[in-house]
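Have a look at the structure below before the remarks.
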Amino acid sequence: MLLFSKMMRPQNNLSIKLRAMCLGFIGLFSIDAAAQSGWTKAKSEGFYQLSYQTMRSNDYYSLEGNLLVTNQFSQQSLVFYGEYGVTDKFTIIANWPLQTWNGFETTETVSGLGDLRLEFKHALLKKYFPLSVAVSPELPIGKANHFAQSKAIDFEQINLPSGDGEFNVWTTLATSFALPSIPFYGNIFGSYNFRTEYKGVSFSDQLAIGAEIGYHIADFVWVNARLNALKSVDEVVVATDFVRGDGSEYTSYSFGASVPIRKNIHVSLNYRNFNDLIFNRKNIYSSGVFGLGIYYEKKPQQQ
């Protein structure tokens, strides 16, 4: 426990509580890569994005919701996100952190492949009231155990994985609207995450809700704002495993913009942060997350 006590500043008597320290950010980058919507892609239409996201924070919110000040934790991720319209009503989506880097000021930085989330999305209603349902298994192919060595003490280390090690399935119901006379849209969704276990340790299921609005300025720049929230179904009072995200809760808000740089290719910027507006922060590091991406839109062939 010496490494944990050295990470605390100055409350080293709280080192036991810090065992849950990096749960909240495993998967946050990939889950929020694109908002859920009621629309599906047209047949053969595609959307493919590569983005880089980064955050640094000293502020860790414990399972009890208490703010603990620790040595700085940092995470960077390179994330692929893609959508393809199999039919006009059925879309396949992939959300995959290709590489995630984790580290503290007091440790080395370790990196690895993240878990792959596949989404199978079907349009229940499409024309006048877009409504979709999606089932999204998350495959535990990332590094579930990856130990970072202390810079100060050779025999001390901490597990900073790039994947959570457990198979889980998200189910999402989403609806959208677009105004006919102005380039303005909105999305609302609700999701349920059925979680399983890792090495005999079971995890609480999760509920997620979110909303997004967007506007096209001067037929050139798309801007959007999002509000997302995540809550555990069960009350988690003990951190049974400090790297799997059990008991993580938060409210997040984000603002984004994208501009075209050539035909069908756009550059996007995004800023995301966390507060206690809907669900109080628990079991996460809280700070601003900055994202820069480039995406390509494949238009369907004209019939």
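Within segment 140-247, report the GluC sites (Glu not before Pro) that DSSP leaves as loop and that have at most 13 other Cβ atoms within 10 Å.
Numbers: sites: 156, 166, 197, 212, 235; in loops: 156, 166, 235.
For GluC sites (Glu not before Pro) across segment 140-247 that sit outside H, G, I, E and B with at most 13 neighbouring Cβ atoms in 10 Å, the list reads 235.
Loop-located trypsin sites (Lys or Arg not before Pro) across segment 92-133 with a Cβ neighbour count of 15 or fewer within 10 Å are 126, 127, with loop assigned by DSSP. Dimensions of segment 241-303 along the principal axes, based on C-alpha atoms and rounded to the nearest Å, stand at 51, 22, 21, largest first. With a simple spin-label model that places each label point 7 Å from the Cα along the Cα-to-Cβ direction, the separation between residue 157 and residue 111 comes to 1.9 nm. Of all aspartates and glutamates in the structure, the ones whose alpha carbon falls short of 20 Å from that of residue 263, not counting any fewer than 8 places away in one chain, are 45, 83, 219, 297. Kindly flag which residue pairs out of 43/199; 89/282; 43/231; 121/298 have an alpha-carbon separation exceeding 30 Å in this structure. Those over the limit are 43/199; 89/282; 43/231. Take every pair of alpha-carbon atoms less than 8 Å apart whose residues are at least six positions apart; their mean separation over the length of segment 223-297 yields a relative contact order of 30 percent. Under the criterion of Cα pairs below 8 Å and six or more residues apart, the relative contact order for the chain equals 20 percent.
Each residue in 116, 173 was given a count of other beta-carbon atoms within 10 angstrom of its own, and listing them fewest first yields 173, 116.
FYI, it's all coordinate maths here, none of it is from the lab. Note that the structure is a prediction, hence the values are computed from the model and not measured. Backbone-built Cβ (ideal geometry, glycine too); neighbour counts: all protein chains shown.
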